[in-house]
DNA sequence: ATGGCTAATATGTCTAGACATAATTTGAGT
DNA sequence: ACTCAAATTATGTCTAGACATATTAGCCAT
């Protein structure tokens, strides 16, 4: 009954109960430690966790205060597509539609910070769930990450190969709604102009940009997050 | 040169460099503490941070191993719409289009776990950025959270009032791409059928469900996350 | 008033040692 | 072989005390 999680729970309860309303300064670590009968380090652990969650804001000398506009953070766990499909209870499969070297188009090179028209590997993969189109993956891959390796992207999808073979350091992901272009519509078996949820990801590794991928999801797809 | 962040950085470097490949067991805290010349608690802090980030997995007695399929987690910071607009350098405004009590439709009641046809407050708000439609907010609000309060949703948007006046405990958010329905198209000034990025949020407070809100974003809207 | 120095203070982090807890390994005993 | 209990061991957490660092508040001189 005196672990840091108990301290966190009690502080959180008081904030939720508005004993300490938004913007208020809460007692210092020393005071809370005395009140709860624990060491200051334990209170520190609890408050640090609440700060990471965005519930309080902490500044040296200024103390700890309850966030005014608690930024709600949702965590998205980006799954490997195969596992995503399997977790929905559907059979997974994929078809490699294209695999060729192409000079990078200007917008692609710009996004990844590569020289214009640098040679890149262009891959098109259609992921299937229960035999039906699930996601159309359009990928630009920096061939520099493949030095010495000859992955067979028709046996293991590029999506999965990269996760296990390349250390990804950072990146970003953006969601948009777009009308299915003619080719997309045909490949995915939907009417042209159908709204598709599109995810665009860029990822960087230890030694530079790795890939830019566009995932066009089948109609009705939901990207779900909890907070 | 001997803080926990340095330890984290060095361990991360070795993982990235594949000194410790995916699946491998890394040395125990004691061993690392000795090697780096710090206390075990410092190594523990570093490894705990890496575990939270999903880079390693830790189990008592079994030790710490490098994650096989490092789940990439992206964090979405859900902004108050007004601040989102302002951060884009545009003037913010909103229009309250509807505000009435309506018996909850079955799907709404079901999602929030309320009895069917329970009376709910239905709100429609059009958020404007630089005078142009930005988001159409369609909200079902549990009137139980308003006991004793009489917020004027034409003065402060429901979006913002809730964040500051109700303690939100948990919730979920889902993104989909949908074709603009006739009414949506008219209100937002786009052609009917235009793909819109739709966010659907349900939120729960300390004393039950709070609200279900649907945010239909203007064409071209991007929801951006970093990881 | 204004600018800048100084002291006070709350959080940030580290250490060394201790006990708690969970999971694996080992060793009986059947 | 098999089962169950005990010993082992790596991580999880706590304590008490210390020093580091950022930031504020107060003071003094201009």
- prompt: Got the residue A:155 label distances to the other copies yet, label 7 Å along Cα→Cβ, in nm, shortest first?
  reply: 7.0
- prompt: Out of B:87, B:157, B:67, any idea which swings most in a Gaussian network model of chain B, alpha carbons joined below 10 Å?
  reply: B:67
- line: Distances in nm between the label point of residue A:86 (7 Å along Cα→Cβ) and its equivalents in the other copies, shortest first, are 4.8
- request: Order by neighbour count: A:73, B:8, fewest other Cβ atoms within 10 Å first, most last.
  value: A:73, B:8
field: For residue A:192, label point 7 Å along C-beta direction: distances to other copies, nm
entry: 2.2
- prompt: Dimensions of the range A:81-217 along principal axes (Cα, Å, largest first)?
  reply: 37, 28, 25
- prompt: Looking only at other chains, what is the average number of their beta-carbon atoms within 10 angstrom of each beta-carbon in B:195-201?
  reply: 5
query: How well do other chains shield peptide B:9-16, expressed as the mean number of their Cβ atoms within 10 Å of each residue Cβ?
result: 1
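Values in this text are rule-based calculations from the coordinates and carry no lab data. Source: prediction; values computed, not measured. Positions of Cβ are backbone-derived with ideal geometry, glycine not excepted, and every protein chain shown enters the neighbour counts.
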